[in-house]
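Written below as structure tokens is the structure these notes are about.
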Amino acid sequence: MSRERTLPDEAATITLGQQLASLLQGGLVVYLHGDLGAGKTTFARAFLRALGVGERVKSPTYSLIEGYDLEGRRAFHLDLYRIADPGELEWLGLDSLAEPGAIVLVEWPERGTGALPPVDLEIRFRHDGSGRIVSFEPRSSAGQHLINQL
Ligand code: ADP
Ligand code: MG
């Protein structure tokens with residue numbers, strides 16, 4: 001089952017990130033889909049800030065991956081836009097992404113096929129006039145559980 005929501009402005013994207021973060025129990029792997037400018041980073045920032053990263057959220061645009069320690073929980077934010085071939089990811093040591101309890105947000109996940117942990121929840125952003133539409137596709141019971149509470 002997939003669900004949609006309209007996000008008329010940036011504030012709505014931020015609220016969604018905060019809301020999903022507040023519902024989170026344990027680890028989760030989220031793939032964020034959508035064109036450049038669709039709102040993936042806006043969502044990821046709000047989500048990570050709400051988890052306690054605060055103003056420390058960095059952009060993984062050049063580093064590809066940023067990791068955060070959140071009182072015992074690990075969170076990772078990846079942006080694979082610059083990856084041409086998933087083989088380029090080998091040196092990054094993405095094994096830690098598969099740790100139980102890890103929270104993983106991936107922009108441009110299709111560029112990391114085979115190198116990423118299995119997804120719990122896919123989120124798709126698309127333009128809709130000056131706003132956005134977001135759709136949710138749960139891929140595991142953890143992802144489904146989260147979406148059921150939205
Ligand atoms: P992406 O990471 O998908 O490339 P960004 O999160 O960097 O996109 O967002 C690009 C722009 O879209 C930002 O200026 C942001 O403020 C804006 N934005 C985010 N969500 C919305 C929304 N729901 N409606 C209108 N603008 C939005
Ligand atoms: Mg981005």
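A simple rule links phi to the HN-Hα coupling: the Karplus curve 6.51 cos²θ - 1.76 cosθ + 1.60 with θ = phi - 60°, which for the stretch 108-113 gives 6, x, 5, 7, x, 3 Hz, with x for Gly and Pro.
Among the chymotrypsin sites (Phe, Trp or Tyr not before Pro) found in the stretch 11-97, those both in a DSSP coil and sparsely packed, with 15 or fewer other Cβ atoms within 10 Å of their Cβ, are Tyr62, Tyr81. Calculated FRET efficiency, Ser22 and Arg82, Cβ-Cβ r, R0 30 Å, to nearest 0.05? Plugging the Cβ-Cβ distance into 1/(1 + (r/R0)^6) gives 0.45. For the stretch 30-115, a simple Cβ point-charge model (Lys and Arg +1, Asp and Glu -1, everything else neutral) yields a dipole of about 340 debye relative to the Cα centre. Taking a ≥ b ≥ c as the square roots of the eigenvalues of the Cα gyration tensor, the chain is classed as rounded, since a/c falls below 1.5. The residue among Phe136, Ala84, Gln19 whose Cα reaches farthest toward the positive pole of the charge dipole of the chain, with charges on the beta-carbon of Lys, Arg, Asp and Glu, is Gln19.
Taken together, the values in this text are just the output of simple stated rules run on the coordinates, not laboratory data. Since the model is a prediction, treat every value here as computed from it, not as a measurement. Reconstructed Cβ throughout: ideal geometry from the backbone, glycine too, with neighbour counts over all protein chains shown.
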